[in-house]
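Shown next, in structure tokens, is the structure this report addresses.
Please treat every number below as a calculation from the coordinates, not as lab data. As the structure is a prediction and not an experimental result, all values here were calculated from the model. Cβ: placed from backbone, ideal geometry, glycine included. Neighbour counts: every protein chain shown.
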């Protein structure tokens, strides 16, 4: 009885991956993560850019009624604001801030003959 020679079956370990075809890009796990994060950043920046144009406010949106007051000798911004606050029932400091904002004043200094816009309520 002759024994047949043993043929060892050695398989060469081949990976399941095939080489990428020409012109095809394959991403690793890290590459996919980088692409995802970059896309997420682009979407977030677009959302911030679009939201920056929003002009939602709680106020009614109409311009406040104002009257023109000419500063007389001896008048101060506090005097003018206190007269306006007395008619509207507001705080004098708040009225001063409103007058400064309406007239783009840097401080509380006013000059004789200066015309100031004062809110009317």
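Remark: the residue 37-residue 121 segment gains 24.9 nm on full extension, using 0.36 nm per residue and subtracting the alpha carbon distance.
Starting from 0.36 nm per residue, how many nanometres of slack lie between residue 106 and residue 66 once their C-alpha separation is accounted for?
On the way: separation 40, 0.36 × 40 = 14.40 nm, distance 1.96 nm.
Length gained between residue 106 and residue 66: 12.4 nm.
Per-residue extension of 0.36 nm, minus the Cα-Cα distance of residue 22 and residue 46, leaves a gain of 5.2 nm for this segment. Inter-label distance, residue 94 to residue 30: 6.0 nm, where each label sits 7 Å from its Cα along the C-beta direction.
Given the C-alpha atoms of the range 66-119, compute the convex hull and give its volume per residue in Å³.
64 Å³
Using per-residue counts of other Cβ atoms within 10 Å, averaged over each peptide, order 39-49, 85-95 from highest down.
Values: 39-49: 9.8, 85-95: 14.5.
Peptide ranking by packing, descending: 85-95, 39-49.
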